[in-house]
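S.K.: A single structure is presented below for examination.
The values are calculated or read from the model by the stated rules, or taken from the named source; none is laboratory data. Computed from a predicted model, the values in this text were never measured in an experiment. Every residue, glycine as well, gets a Cβ built from its backbone with ideal geometry; the counts of neighbours run over all protein chains shown. The accessibility values were calculated without ligands, DNA or RNA, using every heavy atom of the protein model including side chains. Shrake-Rupley method; radii C 1.70, N 1.55, O 1.52, S 1.80 Å.
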Amino acid sequence: MTATETTDTTLRTVTLNVNGQTIRQEVESRTLLAYALRDAGLKGTHVGCDTSSCGCCVVLLDGDTPAKSCTMFAVQAEGHQITTVEGLGSPGDLHPLQQAFWDQHGLQCGYCTPGMLMTAKAMLEHNPDPTDQEVREFLSGNLCRCTGYNNIVKAVQQAARVMRDEAQAQALAGMVPSTAEGGAQ
Amino acid sequence: MSIETDATNNAGPQTLTMGKGMKRKEDPRFLTGNGNYVDDMRLPGMLYMAIVHSPYPHANIKSIDKEAALAVPGVKAVITGEDLVAASLAWLPTFHGFDKQMVLAVGKVLFQHQEVAAVFAETREAARDAAELVDVDYEPLDPVISPFDSMKDEVILRDDREDRTNHIYHWDSGDRDGTQAALDDSEVVVTERIYAPRCHPAPLEPCGCVAQFDAMGRLHFWVTSQAPHVYRTAISLVTGIPEDKIRVISPDIGGGFGNKVPVYPGYVCAIVGALILKTPVKWIETRTENLTTTGFARDYHMDVTIGAKKDGTVTALKVKTVADHGAFDAAADPSKYPAGMFGVVTGSYQFPVAFAELDAYFTNKAPGGVAYRCSFRVTEASYAIERGMDILAQKLTMDPAELRRKNFVRKDQFPYDSALGFTYDSGDYEGTMDKALNQIGYAELRREQAEKRARGEYMGIGISTFTEVVGAGPSKHFDILGIKMFDSAEIRIHPTGTGIIRTGTKSQGQGHETTWAQIVAEELGLDPQNLLVEEGDTDTAPYGLGTYASRSTPVAGAALALAARRVREKARKVAAHLLEAAPEDIEWVEHRFQVMGVPSRSVTMKEVAFAAYTNPGEGNEPGLEASLYYDPPNMTFPHGAYIAVVDVDAETGEVKVRRFLAIDDCGTVINPMIVEGQVHGGLTEGFAIAFMQEIPYDEQGNNMAPNFMEYLIPTSVEAPVWETGSTVTPSPHHPIGAKGVGESPNVGSPAAFVNAVMDALAPLGVTHIDMPLTREKVWRAIRNAEAAAASD
Ligand code: FES
Ligand code: FES
């Protein structure tokens with residue numbers, strides 16, 4: 001059996017919802033989501049292995065499910081909300097996780113970083129107050145060759161603290177009238 | 001209206017950051033997906049290349065049929081070794097200069113996964129489909145997998161070479177007869193065969209390139225390279241394209257660790273494809289290609305012999321090594337040092353006499369032998385001596401720390417000439433070890449160990465007090481492809497006191513954009529945030545040998561400091577003009593120019609910069625820039641003392657790393673946060689080498705770890721929590737006293753781990769187990785030791 005006999009190479013159009021935007025793209029049925037995203041110019045999603053081992057390609061499906069986009073076909077992503085690192089924050093407006101990775105020196109070459117950030121985001125959605133061991137276990141599908149992980153764990157813990165505080169502040173803010181309604185300046 | 005004054009306007013020492021943990025300037029780019037890696041390049045009309053690899057480690061190629069591949073929709077061309085012969089591009093010189101390497105196999109294949117053909121197509125998928133359809137008819141031959149078989153010369157692997165032997169070279173250093181005589185006279189002699197297994201740097205970004213010829217015939221080549229200038233020269237030498245018609249660009253690089261130093265066949269094929277198809281070509285290797293065909297590391301079989309007196313004073317060291325270089329001698333060592341800096345194998349100790357020799361052989365394995373996060377074979381050398389010292393301590397029933405203390409080069413002996421010809425610049429080995437012993441609570445740990453031993457539990461404490469040699473290198477000794485291993489710096493200060501810094505090095509995650517700015521900021525009294533660092537583009541960067549072997553800070557870092565001092569000298573004249581004084585009367589105090597002894601009359605560098613363009617003063621050259629090439633007078637010798645504490649489960653063979661402390665001395669520290677990050681990363685790779693990472697081959701020559709499912713690298717779960725610390729012994733010959741650190745933890749830590757496990761198993765009489773210390777290997781060693789004890 002040869003490759004061409006097993007492969008459907010006809011192009012079809014997929015409609016992807018990425019970071020709140022709709023992207024329409026011509027793909028083959030076997031085109032991987034990672035490549036579809038990258039071909040659409042979202043180059044923050046990286047590819048580092050052939051075996052779903054490294055996690056450089058992790059994106060979020062529907063807000064809180066991390067997925068290795070090298071292990072998923074683009075066509076399978078239709079109907080899902082996809083978040084990539086570009087949807088997390090921008091250089092002037094970093095997400096608390098991005099800020100924490102910066103503060104704690106949680107990256108060196110930066111190749112694993114987008115996938116790390118997305119996995120860490122998913123973890124904090126599910127567990128806002130993790131132990132170090134829980135962080136390590138949740139991140140175990142994301143390899144990093146440079147940092148040795150110690151600072152990544154610290155970064156995730158810093159972000160968890162900041163995000164908990166923010167969540168609490170928001171909850172408290174909900175209990176008093178907003179400033180627009182005449183609250184204290 | 002009030003104008004906010006810029007804090008840097010009067011930059012004094014308090015606003016500078018040298019020696020401080022300034023956050024990295026490059027990070028916002030990487031954190032937001034705005035990194036710019038080679039695979040991010042997209043050019044109109046760009047084709048994708050895929051490579052056909054040999055399934056056999058050794059086989060004649062009887063024929064290659066391209067028909068089916070060419071019939072795949074979107075496929076533009078298929079090239080083979082024969083096609084390259086016609087274009088005189090079939091062979092590639094290796095950096096070593098002693099050998100050449102096939103670009104695509106001609107006549108026969110010499111290792112499994114060797115490149116046999118290249119396919120160019122409109123999509124990456126079509127290229128891979130077509131690569132599978134290239135029909136190669138092989139006639140398998142018996143492979144030679146072990147260098148010990150290879151040395152018998154029963155099967156000659158390289159019939160392109162006239163010498164009819166698998167032996168590549170012999171290298172030796174030191175006093176052969178004197179060493180033997182000293183060993184014959186020694187009261188105690190220990191000897192052990194120690195294997196540093198074949199492993200792979202495996203950066204997370206695979207290797208790759210994009211080749212484009214513009215309408216003027218100029219080659220633009222984006223590539224994952226640690227040494228872009230050397231690539232440009234190599235491409236020119238291989239292809240005959242004049243060097244000025246080649247631009248090599250290394251953009252952001254996702255880790256290198258030595259893997260991105262050599263020039264690989266895929267790069268040549270991509271350039272050929274772009275040339276013949278007149279359109280850009282991208283090749284990004286797969287992880288399997290990375291692990292099976294590009295620069296592996298180590299593969300040294302070392303017979304280590306140490307002689308000593310009964311009191312532990314060492315008398316002689318002999319090391320005989322057999323090195324497996326695979327199918328081509330593509331080792332990335334400077335050409336006058338075929339065994340790299342293996343000569344540092346005497347380590348931190350005063351060996352009165354020593355002799356090291358090495359013989360390298362071809363086998364049917366992937367070629368290479370790169371410096372994997374180390375300075376050309378230093379990891380092997382360090383591992384050999386640090387293991388050897390522990391084996392000696394065990395034999396003498398002496399505490400390994402005391403044995404080391406007895407034999408250290410003392411701090412008043414520097415510069416120290418080692419028995420194998422290196423001149424160590426500076427160090428304080430005993431001070432560093434003492435700091436480590438105190439910080440980890442060594443005496444207490446030994447007490448705990450004694451208690452555990454009494455209960456039949458296996459706890460181990462492993463020490464490694466290593467000396468590294470980095471900063472290749474002094475031009476009298478070091479070159480690659482004949483090019484001397486200097487490095488360079490160029491600094492331009494703009495009128496408003498910001499600037500741009502360029503060097504011949506290339507960061508792959510080491511943080512050059514930050515540390516280079518810090519060095520120059522310190523020398524010039526400017527704000528590091530406003531000093532842009534640019535590397536990796538051969539059109540703009542000054543020629544330099546690149547970043548590997550921890551040479552960036554020792555060589556380019558020195559070039560930067562000296563170039564900045566040139567800028568300062570130029571600026572002094574302008575300052576003199578502004579202050580209406582003679583240049584000799586201007587001193588540089590607290591990061592500003594002042595009239596000698598008159599603190600009230602001073603100007604900042606920022607003010608001087610503006611004047612350099614607007615009012616330089618009569619006779620002063622306008623502008624404010626300098627460039628400089630730096631040839632280091634010597635290598636630098638960072639050192640460290642590492643201690644690992646492990647528990648071994650005798651039932652399962654499982655090793656738990658309970659603690660690991662690394663005290664590093666890399667001379668002057670530029671950015672402690674970055675240094676600590678480098679240490680963490682290096683220790684994690686050292687841990688991996690000790691316990692997990694290996695590229696083994698079976699007897700048929702199959703690569704048994706061609707992906708991340710088989711080639712195990714640590715995840716966050718396995719990686720230990722690291723404790724670190726430092727001592728500072730500046731290098732006397734480096735302008736700012738810095739020595740380099742990125743590799744020390746990887747060089748120093750494997751021995752600490754293995755020593756710890758062996759220390760744990762010492763009661764069983766186990767002296768040595770070769771890395772990686774997998775559970776199974778440890779378990780077997782324990783069972784064998786028990787069986788041996790039972791049969792006594
Ligand atoms: S690219 Fe490695 S897991 Fe997706
Ligand atoms: S920062 Fe380089 S792989 Fe993680």
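S.K.: Within region B:455-472, how many residues turn out to be crowded, with 20+ Cβ neighbours inside 10 Å, under 16 Å from B:Leu445 (Cβ atoms) and either at pLDDT below 90 or not hydroxyl-bearing (Ser, Thr, Tyr) (or both)?
M.R.: The number of residues fulfilling the criteria is 5.
S.K.: Hey, among B:Tyr48, B:Tyr37, which residue is within 16 Å of ligand 2 (Cβ to nearest atom), surrounded by 18 or more Cβ atoms within 10 Å (Cβ to Cβ) and within 22 Å of B:Ser225 (Cα to Cα)?
M.R.: B:Tyr37
S.K.: Please indicate, with yes or no, whether at least one residue in region B:536-543 is away from ligand 1 (no atom under 16 Å from the Cβ), over 21 Å from B:Phe376 (Cβ atoms), touching a residue at least 40 places away in the same chain (Cβ under 8 Å) and within 14 Å of chain A (Cβ to nearest Cβ).
M.R.: yes
S.K.: Would you check which residues across region B:192-233 are open to solvent by less than 10 Å² (accessible area, probe 1.4 Å), away from chain A (no Cβ under 14 Å), part of a loop (DSSP other than H, G, I, E, B) and among the aliphatic types (A, V, I, L, M) and list them?
M.R.: Residue satisfying the conditions is B:Ala227 alone.
S.K.: Yes or no: A:Leu88 of a type in the set (A, V, I, L, M, F, W, C) and open to solvent by 20 Å² or more (accessible area, probe 1.4 Å)?
M.R.: Answer is yes for this residue.
S.K.: Name the single residue, out of those in region A:53-85 being within 21 Å of B:Thr286 (Cα to Cα), free of Cβ contacts under 8 Å to residues at least 60 places away in the same chain and open to solvent by 10 Å² or more (accessible area, probe 1.4 Å), that is farthest from the chain's Cα centre (by Cα).
M.R.: This residue is A:Phe73.
S.K.: OK, next. Hey, A:Leu107 hits all of (1) touching a residue at least 40 places away in the same chain (Cβ under 8 Å); (2) at the interface with another protein chain (Cβ under 8 Å from one of its Cβ atoms); (3) within 30 Å of A:Thr15 (Cα to Cα) but one; which does it fall short on?
M.R.: It is condition (3) that A:Leu107 fails.
S.K.: Here's something else I'd like to know. Go through the residues of region A:126-133 one by one and say whether even a single one is within 16 Å of ligand 2 (Cβ to nearest atom), open to solvent by less than 20 Å² (accessible area, probe 1.4 Å) and either without any contact (Cβ under 8 Å) to a residue 60 or more places away in the chain or at the interface with chain B (Cβ under 9 Å from one of its Cβ atoms) (or both).
M.R.: No.
S.K.: List the strands (runs of 3 or more DSSP E) inside region A:3-88, counting only whole elements, that have at least 3 residues being more than 7 Å from every other protein chain (Cβ to nearest Cβ) and not aliphatic (A, V, I, L, M). Quick ask: steps written out before the conclusion?
M.R.: Working: elements: A:11-18, A:21-28, A:58-61, A:65-68, A:81-83.
Here the list reads A:11-18, A:21-28, A:65-68.
S.K.: Would you check which residues across region B:701-719 are touching a helix residue (DSSP H, G or I) at 6+ places or on another chain (Cβ under 6 Å) and not hydrophobic (A, V, I, L, M, F, W, C) and list them?
M.R.: The answer is B:Asn703, B:Pro706, B:Asn707, B:Tyr711, B:Pro714, B:Thr715, B:Ser716.
S.K.: Oh, and also: Looking at region B:676-707, which of its residues are facing chain A (nearest Cβ under 9 Å) and either under 21 Å from the mean Cα position of the chain (by Cα) or under 20 Å from A:Val135 (Cα atoms) (or both)?
M.R.: Matches in region B:676-707: B:Glu676, B:Gly677, B:Gln678, B:Val679, B:His680, B:Gly681, B:Gly682, B:Leu683, B:Thr684, B:Glu685, B:Phe687.
S.K.: Also, quick follow-up: Here is a list: B:Ser475, B:Ser507. Which entry is more than 30 Å from B:Ala401 (Cβ to Cβ), within 17 Å of the chain's Cα centre (by Cα), hydroxyl-bearing (Ser, Thr, Tyr) and open to solvent by 10 Å² or more (accessible area, probe 1.4 Å)?
M.R.: On the way: B:Ser475 fails: within 17 Å of the chain's Cα centre (by Cα).
B:Ser507 is the lone residue from the list that is more than 30 Å from B:Ala401 (Cβ to Cβ), within 17 Å of the chain's Cα centre (by Cα), hydroxyl-bearing (Ser, Thr, Tyr) and open to solvent by 10 Å² or more (accessible area, probe 1.4 Å).
S.K.: So is B:Glu710 free of Cβ contacts under 8 Å to residues at least 40 places away in the same chain, over 25 Å from B:Met758 (Cβ atoms) and within 14 Å of chain A (Cβ to nearest Cβ) or not?
M.R.: yes
S.K.: Does region B:495-503 contain any residue that is surrounded by fewer than 23 Cβ atoms within 10 Å (Cβ to Cβ) and in contact (Cβ under 8 Å) with a residue 60 or more places away in the chain?
M.R.: yes
S.K.: Any residue in region B:750-761 that is open to solvent by 10 Å² or more (accessible area, probe 1.4 Å), outside any strand (DSSP E or B) and either among the hydroxyl-bearing types (Ser, Thr, Tyr) or touching a residue at least 24 places away in the same chain (Cβ under 8 Å) (or both)?
M.R.: Restricting attention to region B:750-761, the residues satisfying the condition of being open to solvent by 10 Å² or more (accessible area, probe 1.4 Å) are B:759.
From the residues that got through so far, the ones that are outside any strand (DSSP E or B) too are B:759.
Among the residues that remain, those that are also either among the hydroxyl-bearing types (Ser, Thr, Tyr) or touching a residue at least 24 places away in the same chain (Cβ under 8 Å) (or both) are: B:759.
Yes; the residues of region B:750-761 include at least one that is open to solvent by 10 Å² or more (accessible area, probe 1.4 Å), outside any strand (DSSP E or B) and either among the hydroxyl-bearing types (Ser, Thr, Tyr) or touching a residue at least 24 places away in the same chain (Cβ under 8 Å) (or both).
S.K.: Something else now. Being buried (at least 24 other Cβ atoms within 10 Å of the Cβ) and more than 16 Å from ligand 2 (Cβ to nearest atom) narrows it down to one residue among A:Ala159, A:Ala122, A:Ala169, A:Ala155; which is it? Full working, then the answer.
M.R.: Numbers: A:Ala122 fails: buried (at least 24 other Cβ atoms within 10 Å of the Cβ); A:Ala169 fails: buried (at least 24 other Cβ atoms within 10 Å of the Cβ); A:Ala155 fails: more than 16 Å from ligand 2 (Cβ to nearest atom).
Exactly one of A:Ala159, A:Ala122, A:Ala169, A:Ala155 is buried (at least 24 other Cβ atoms within 10 Å of the Cβ) and more than 16 Å from ligand 2 (Cβ to nearest atom), namely A:Ala159.
S.K.: Also, quick follow-up: Does A:Leu139 qualify as being within 15 Å of ligand 2 (Cβ to nearest atom) and either farther than 22 Å from B:Lys25 by Cα or part of a loop (DSSP other than H, G, I, E, B) (or both)?
M.R.: yes
S.K.: Next question. Checking A:Ala100 against (1) facing chain B (nearest Cβ under 9 Å); (2) open to solvent by less than 30 Å² (accessible area, probe 1.4 Å); (3) more than 16 Å from ligand 1 (Cβ to nearest atom): exactly one of these is not met. Which one?
M.R.: Going through (1) facing chain B (nearest Cβ under 9 Å); (2) open to solvent by less than 30 Å² (accessible area, probe 1.4 Å); (3) more than 16 Å from ligand 1 (Cβ to nearest atom) one by one, A:Ala100 breaks only (1).
S.K.: For region B:79-166, which helices (runs of 4 or more DSSP H) that fit wholly inside it have 2 or more residues that are over 14 Å from B:Phe328 (Cα atoms) and at pLDDT below 95?
M.R.: Fully inside region B:79-166 and qualifying: B:124-133.
S.K.: Can you name the number of the only condition in (1) in contact with a Ser or Thr (Cβ under 9 Å, 6 or more places away or on another chain); (2) within 21 Å of B:Asp39 (Cβ to Cβ); (3) assigned to a loop (DSSP other than H, G, I, E, B) that A:Pro114 fails?
M.R.: Condition (3) is where A:Pro114 drops out.
S.K.: Moving to a separate point now. Any idea how many residues of region B:601-649 are open to solvent by less than 20 Å² (accessible area, probe 1.4 Å) and within 30 Å of B:Arg453 (Cβ to Cβ)? If you could, list the steps in order and put the result at the bottom.
M.R.: First, pick out the residues of region B:601-649 that are open to solvent by less than 20 Å² (accessible area, probe 1.4 Å): B:603-605, B:608-609, B:611-612, B:617, B:623-624, B:626, B:628, B:632, B:635-646, B:648.
This time we only want the ones that are within 30 Å of B:Arg453 (Cβ to Cβ), so: B:640-646, B:648.
Summing the residues that are open to solvent by less than 20 Å² (accessible area, probe 1.4 Å) and within 30 Å of B:Arg453 (Cβ to Cβ) in region B:601-649 gives 8.
S.K.: I've got another one for you. Inside region B:34-77, can you point out the residues that are within 14 Å of chain A (Cβ to nearest Cβ) and polar (S, T, N, Q)?
M.R.: Matches in region B:34-77: B:Asn34, B:Asn36.
S.K.: Next question. Take the conditions within 22 Å of B:Ile284 (Cβ to Cβ), within 15 Å of ligand 1 (Cβ to nearest atom), under 11 Å from the mean Cα position of the chain (by Cα) and buried (at least 18 other Cβ atoms within 10 Å of the Cβ) and apply them to A:Gly48. Does it pass?
M.R.: Judged against the criteria, A:Gly48 is not a match.
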